[in-house]
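To start, the structure under review is shown below, and the notes come after it.
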Amino acid sequence: MKREEVNVAPDGSLLLNPFEVERQLRYHLAAMDVMGLITTSEHLSSLVKQAMWELDAKLLRIVVEAIVAQVAIDPGDTHSYALLCQMVVKNKQLGSSDFSVQDVVAKACQQSYETFWRQMMMTMLGGTYAAAERQHLRTAPRSQGNRGRALLLFIGYLYGMDVVPEWLVMHIVLEHGRNAIELPEDCLENFACLMEIVGCSLARRTERPMLLALILKTVETAAEHPKMSMRARQILRDMLLSCYNWDLDTREEPDSVPREIPIGHLEKSEFHTEIG
């Protein structure tokens, strides 16, 4: 009988094939509600550590893309998935001179957002968006929200953790701002939720303050457009009121959610020495 080939890492540990890594990863992500974030992070650390032996980013992309995809499957736990992505980025053993972990995360987020945005614009142009979204709201649990909001919140949390770059967030803000008149109300609410998370930080840290000011001015104009419904106007006005109340000299950045998994819960994790 032919023996099954076994791959072994330079340190003597067993190397799983990419399909097995993805299978186990998706299982642990799907079971996170039961196992909890800390246990899931420990399983993730044991799976992703073999990416340190690869010369390309194939396995790393599998891990990151699985986490990003899970955001759409489980929109109610976006911050936990952002923490898992942060853990991967914090592992200094990953990455090489040819690629960085942050670039892999940013690309996965960008691709997921572009797919979502393209599908949304197509349904809007086809006149089916409102009916489809009404059906979604009737069948989806209210506590889970919608997938578009989950993705924007996920990217917003990653920006606050210094995992994704400013250009990605600014791109999302720009697209929502310049299309504000045409966007349905729930998308405007998603936009407002994103700005609540990243707005103050973006205003403090951006290298393009004039672009941010222009986007807010565009939103202000859209809020007064006669085509806008009363609810849409109120959403934009509330968002603008929050933005223009930023006191950049004294206001601290919002910190309503933890930025990292507590070190004390990760004694067995491969990442605990990298998080601080």
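List of remarks:
- The number of residues in the stretch 208-239 that are out of contact with any Leu (no Cβ under 7 Å at 6 or more places or on another chain), surrounded by 12 or more Cβ atoms within 10 Å (Cβ to Cβ) and of a type in the set (D, E, K, R) comes to 5.
- Filter result for A203 (at pLDDT below 90, farther than 30 Å from K49 by Cβ and touching a Cys at 6+ places or on another chain (Cβ under 9 Å)): yes
- Condition check for L266: modelled with pLDDT of 85 or more and out of contact with any strand residue (DSSP E or B) (no Cβ under 7 Å at 6 or more places or on another chain): no
- Any hit, the stretch 181-190, residues being more than 19 Å from M121 (Cα to Cα) and surrounded by fewer than 16 Cβ atoms within 10 Å (Cβ to Cβ): no
- Among all positions in the stretch 108-115, there is no residue which is farther than 30 Å from T206 by Cβ and modelled with pLDDT under 95.
- Looking only at the stretch 64-80, residues that are touching a Leu at 6+ places or on another chain (Cβ under 8 Å) and modelled with pLDDT of 90 or more come to 7 in all.
- Cross-chain or 6+ apart pairs with Cβ under 6 Å, the stretch 56-72 first and within 20 Å of F116 (Cα to Cα), then charged (D, E, K, R) and in a helix (DSSP H, G or I): I62/E22; A66/R26; A72/R147
- Just one of (1) touching a residue at least 40 places away in the same chain (Cβ under 8 Å); (2) out of contact with any Pro (no Cβ under 7 Å at 6 or more places or on another chain) fails for C200. It is (2).
- Those residues of the stretch 212-238 which are closer than 21 Å to W117 by Cα and in a helix (DSSP H, G or I), in sequence order: L212, I215, L216, T218, V219, A222, A232, I235, L236
The values are calculated or read from the model by the stated rules, or taken from the named source; none is laboratory data. Quick caveat: nothing in here was measured; it's all calculated off a predicted structure. Quick reminder, even Gly has a Cβ in these numbers, built from the backbone with ideal geometry, and neighbours come from all protein chains shown.
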